[in-house]
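Written out below as structure tokens is the structure these notes cover.
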Amino acid sequence: MISVERLKVEFGVKPLFQDASFVVNDHDRIALVGKNGAGKTTLLRILCGQQQPTEGIVSLPKDIVIGYLPQVMNLSDDTTVREETRKAFANQTLLKERIDRMNQELSERTDYESNDYMQLVQRYTEEHERYMLLGAENYEAEMERTLSGLGFQRTDLDRPTSEFSGGWRMRIELAKILLQKPDVLLLDEPTNHLDIDSIQWLEQFLMQSAKAVVLVSHDRAFINNVTNRTLEISCGQIVDYKVKYDEYVKLRAERREQQIRAYENQQKEMADMRAFIERFRYQATKAVQVQQKIKQLEKMVPIEIDEVDNRTMHLKFPPCLRSGDYPVICDNVRKEYPLTSQHPPLTTHLVFDHVDLTIKRGEKVAFVGKNGEGKTTLVKCIMNEIPFDGKLKIGHNVQIGYFAQNQAQLLDENLTVFQTIDYVAKGDIRSRINDILGAFMFGGEEADKKVKVLSGGERSRLAMIKLLLEPVNLLILDEPTNHLDMASKDILKEAILAFDGTAIIVSHDREFLDGLVSKVYEFGGGRVREHLGGIYDFLRSRKIENLNELGNSNSYSRSEVKAGSENSFKRDTSDDSGNLTSRSPLPTSQNEAISSKLAYLDRKEQQRKIKRAEKAVKECEDRIMELEEQQKKLDAILCTPEGACDMKVVSEYTELKKAIDEETERWEQLAEELEKATANL
């Protein structure tokens with residue numbers, strides 16, 4: 001299907017890879033592996049025609065369709081999910097328009113016996129048959145099935161794409177590519193923004209429905225389940241292994257061991273030959289044997305051993321000023337987005353409500369939860385990038401370093417690596433730019449590369465350098481490991497552990513968070529819950545094995561927020577058995593920081609709870625009064641004959657009655673909560 005012959009790519013003196021030859025056949029499932037910067041993304045761009053190699057040939061059939069999902073892309077925010085996804089069927093839409101025009105022309109013409117008319121009939125028949133073969137009549141249903149498989153609800157389809165996080169918008173792009181049914185799928189880190197349900201759905205789709213697939217992923221389970229062949233890019237060479245990833249790892253280790261043994265045996269044999277030649281070179285009786293040994297030595301081809309690329313980046317956050325005791329305090333923070341007119345009777349989408357958290361200086365905390373539950377949104381609230389309700393206080397002398405989820409997209413693609421850092425470096429740092437770049441594996445000619453030719457992992461490293469140029473005491477890292485390989489993840493983790501400031505890490509990566517954080521904030525159902533302890537303590541309390549399973553466990557629904565559940569204003573901790581309990585004083589034998597916090601903030605938090613409860617009760621009462629006023633107006637309309645027959649009014653009245661009942665139930669629960677909080681003061 002795709003034939004690659006003697007491919008070579010170079011951005012300087014040293015080639016990225018060279019003399020690469022392989023074939024992508026129909027129904028191949030290929031994992032493309034290698035370290036960050038080895039050339040995986042470059043090879044995908046060459047296969048899809050977005051980049052030309054220095055040397056070599058890429059041969060493709062004339063009518064082949066290639067679908068390419070890059071790591072980084074510019075996403076538009078001016079349409080709804082449905083409208084954006086429908087763009088995948090642009091060719092079918094154009095075909096339908098042509099068919100409609102031909103049909104209109106056939107109905108208007110009367111020269112039925114002419115050759116021109118018969119040719120038009122033939123074209124119409126062929127185009128209509130092609131349209132039906134494409135299954136274009138059912139594209140709406142197919143579109144909804146694909147979006148559903150990638151985690152979207154039916155109610156999401158008419159929401160503007162601007163309401164969704166970058167991860168969800170990447171899912172829309174993935175859906176568009178899959179719906180085009182390409183002959184070859186080129187996927188660059190497709191699982192970065194997917195939860196476990198969507199990953200499993202994508203696995204099934206690729207195994208059952210896709211034709212040929214070439215993918216890059218650091219998700220070992222995913223590539224093992226999907227692929228049956230592995231292409232390794234290492235030290236400028238591309239080696240083709242006809243096995244899945246796990247078997248490739250074993251074969252590669254065995255191959256290198258065999259090469260080492262063969263190399264050692266050959267070196268010993270060559271040394272023996274040289275010793276024989278030197279010993280008997282001048283003896284006439286051994287002249288024939290000496291000449292034979294010399295010829296054998298000249299004919300021997302040295303055995304090469306696969307080079308192992310051991311380059312690593314060296315990461316250390318600079319010293320920072322001491323911040324206040326509590327860098328971040330959220331008090332009753334709420335965020336909601338307005339919805340379109342296509343969502344009656346609701347007018348807003350609640351992201352989260354009653355967020356109450358306090359992060360102490362020096363703490364390393366994790367924000368976890370399914371995509372779209374508000375992790376990045378709360379980060380943006382902390383950064384004061386978006387408006388919100390409630391109080392959010394940034395502590396004294398806090399200097400924030402923010403690594404955004406889309407950090408790579410914020411880099412100027414026309415600058416070189418050196419220029420990118422040179423433009424933001426100040427003072428003495430300017431004289432050490434080359435040293436800094438070298439520590440991040442951008443030494444020598446790598447510093448002269450344009451940003452636009454960098455891989456996702458290289459861009460992440462470059463963005464990390466920019467973060468390090470200013471001393472900060474509060475790190476906020478939003479999915480920092482998305483484009484990093486295993487070695488780079490470990491180095492980043494060690495650097496954060498050594499960081500003497502405060503850190504907030506948004507991540508789905510359980511292994512990365514293990515041993516790094518001492519507190520976990522879980523986002524779900526419109527609420528944010530605090531769990532004291534490490535990531536595995538949290539997982540045990542939720543009775544799940546990994547963060548991707550949050551959506552499959554007994555997760556909290558948004559109805560709890562709407563109904564004002566009993567624990568609306570309680571933080572959650574976990575007891576020794578892993579069960580969730582309301583917060584209570586802890587024994588002094590437990591974490592000293594926790595005990596200190598409870599002693600210092602307990603009464604203050606109790607008073608805040610009462611104020612929040614009073615405010616919530618008042619807001620609920622006002623809301624009920626508003627709804628009852630609307631009900632009176634609808635009652636008057638329904639008393640008229642026209643109103644009684646208007647199903648839209650009847651439906652609106654039913655929804656309004658339901659909302660009043662829910663608000664009344666919520667008021668009762670909030671009032672009970674207020675009474676309990678007052679009694680405990």
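The values are calculated or read from the model by the stated rules, or taken from the named source; none is laboratory data. Since this is a predicted model, take the numbers as computed values, not measurements. Don't worry about glycine lacking a Cβ; one is built from the backbone with ideal geometry, like all the others, and counts go over all protein chains shown. Quick note on the areas: whole protein, heavy atoms, side chains included, nothing else; ligands and nucleic acids left out. Shrake-Rupley method; radii C 1.70, N 1.55, O 1.52, S 1.80 Å.
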Residues of the range 387-408 that turn out to be modelled with pLDDT under 90 and either hydrophobic (A, V, I, L, M, F, W, C) or under 20 Å from TRP168 (Cβ atoms) (or both), as a count: 6
- request: Scan the range 374-418 for residues that are under 11 Å from VAL506 (Cα atoms) and assigned to a loop (DSSP other than H, G, I, E, B) and jot them down.
  value: GLY374, ALA404, GLN405
query: Among the residues of the range 29-55, which ones are modelled with pLDDT of 85 or more and open to solvent by 40 Å² or more (accessible area, probe 1.4 Å)?
result: ARG45, GLY49, GLN50, GLN52, THR54, GLU55
query: Do you know which residues across the range 77-95 are more than 22 Å from the chain's Cα centre (by Cα), at pLDDT 80 or above and crowded, with 17+ Cβ neighbours inside 10 Å?
result: ARG86
message: Give me the strands (runs of 3 or more DSSP E) completely within the range 490-532, filtered to those with at least 1 residues that are of a type in the set (Phe, Trp, Tyr), ordered by residue number.
response: 519-524
- request: Could you tell me which residue of the range 226-243 is farthest from TYR68 (Cα to Cα), considering only residues that are at pLDDT below 85 and not in a strand (DSSP E or B)?
  value: CYS235
field: Residue, modelled with the lowest pLDDT, within the range 262-285, restricted to residues that are in a helix (DSSP H, G or I) and of a type in the set (S, T, N, Q)
entry: THR285
- prompt: Can you pull out the residues in the range 269-286 that are over 14 Å from LEU297 (Cα atoms) and of a type in the set (A, V, I, L, M)?
  reply: ALA284
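Per-residue answers, yes or no, for (1) buried (at least 16 other Cβ atoms within 10 Å of the Cβ); (2) of a type in the set (Ser, Thr, Tyr); (3) out of contact with any Gly (no Cβ under 7 Å at 6 or more places or on another chain); (4) closer than 30 Å to ALA404 by Cβ:
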{"site": "GLU113", "(1), (2), (3), (4)": "no, no, yes, no"}
{"site": "MET118", "(1), (2), (3), (4)": "no, no, yes, no"}
{"site": "ARG159", "(1), (2), (3), (4)": "yes, no, yes, yes"}
{"site": "GLY167", "(1), (2), (3), (4)": "yes, no, yes, yes"}
{"site": "MET170", "(1), (2), (3), (4)": "yes, no, yes, yes"}
{"site": "ILE177", "(1), (2), (3), (4)": "yes, no, no, yes"}
{"site": "LEU194", "(1), (2), (3), (4)": "yes, no, yes, yes"}
message: Can you report the number of residues in the range 453-471 which are assigned to a loop (DSSP other than H, G, I, E, B) and buried (at least 22 other Cβ atoms within 10 Å of the Cβ)?
response: 2
field: Pick from the range 179-192, criterion closer than 23 Å to LEU60 by Cβ and buried (at least 22 other Cβ atoms within 10 Å of the Cβ), ranking: nearest to the chain's Cα centre (by Cα)
entry: PRO190
- line: Residue pairs within 7 Å by beta carbon, gap of at least six or interchain, first lying in the range 82-103 and of a type in the set (D, E, K, R), second open to solvent by 20 Å² or more (accessible area, probe 1.4 Å), listed first then second, are ARG82/ASP158; LYS87/LYS176; ARG98/GLU127
query: Has the range 169-186 got at least one residue that is touching a helix residue (DSSP H, G or I) at 6+ places or on another chain (Cβ under 6 Å), within 24 Å of ASP26 (Cβ to Cβ) and among the polar types (S, T, N, Q)?
result: yes
field: Number of the condition not met by GLN259 [criteria: (1) at pLDDT below 80; (2) open to solvent by 60 Å² or more (accessible area, probe 1.4 Å); (3) more than 31 Å from the chain's Cα centre (by Cα)]
entry: (2)
- prompt: In the range 229-250, is there at least one residue being hydroxyl-bearing (Ser, Thr, Tyr), touching a residue at least 40 places away in the same chain (Cβ under 8 Å), under 28 Å from THR481 (Cα atoms) and open to solvent by 30 Å² or more (accessible area, probe 1.4 Å)?
  reply: yes
